[in-house]
Amino acid sequence: MIFLFRLAIRLIRTVILIALIAAIIIVIMFKGDIPGIELFGSEKTEQSAIVPQNGTTYSLENNELFKNIPLTQVKNVFNFMDKQEFMDVSGLTRLGYNDDYLIGQRGSDFLLYRFGDKNITMFKSEQDLQNQLQQIGQKMSLQEKSAY
């Protein structure tokens, strides 16, 4: 009888330990997708704030292409997209991007987006966009659709 009791206690402890480890793994995997939860000092706290000199910011949640994608996954999704189709769907005539930023031209507006941010910054001139890129230490150029 005592043997069965000890076996049951060990089994319960093992199940609780496995459940706890699984919960920790799940939280770590989805830490960037949970709004309001910052684990292990998220690296995007101060760097993600672009302060535009002559630009206006818009929420990425208003963008039909990305509104249902977690911000941490926008870069991955963009990397898999066909760039010419992306330009067609989003109305861009010119596009440029690197590992951290995306720039584009739609009509007479120029946009700057840092992958993972909530906001897109719009500028009225290409010079304003280039000034902002210089301020944040990025060097990119806009390419025509045929370059992709």
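Overview of results
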{"item": "Counted residues, segment 82-117 - those being assigned to a loop (DSSP other than H, G, I, E, B), loosely packed, with under 13 Cβ neighbours inside 10 Å and either touching a Cys at 6+ places or on another chain (Cβ under 7 Å) or not small (Gly, Ala, Ser) (or both)", "result": "4"}
{"item": "Residue under evaluation Asn79, criteria (1) surrounded by 11 or more Cβ atoms within 10 Å (Cβ to Cβ); (2) farther than 24 Å from Lys139 by Cα; (3) at pLDDT 65 or above; (4) not charged (D, E, K, R), criterion not met", "result": "(2)"}
{"item": "Tally, over segment 122-132, of residues that are touching a strand residue (DSSP E or B) at 6+ places or on another chain (Cβ under 8 Å) and either farther than 17 Å from Thr93 by Cα or in a helix (DSSP H, G or I) (or both)", "result": "4"}
{"item": "Matching residues in segment 118-148 - criterion: being surrounded by fewer than 16 Cβ atoms within 10 Å (Cβ to Cβ), out of contact with any Lys or Arg (no Cβ under 6 Å at 6 or more places or on another chain), of a type in the set (Ser, Thr, Tyr) and in contact (Cβ under 8 Å) with a residue 40 or more places away in the chain", "result": "Ser125, Ser141"}
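The values are calculated or read from the model by the stated rules, or taken from the named source; none is laboratory data. Since we're looking at a predicted model, the values are computed, not measured. Virtual Cβ from ideal backbone geometry, glycine too; neighbours counted across all protein chains shown.
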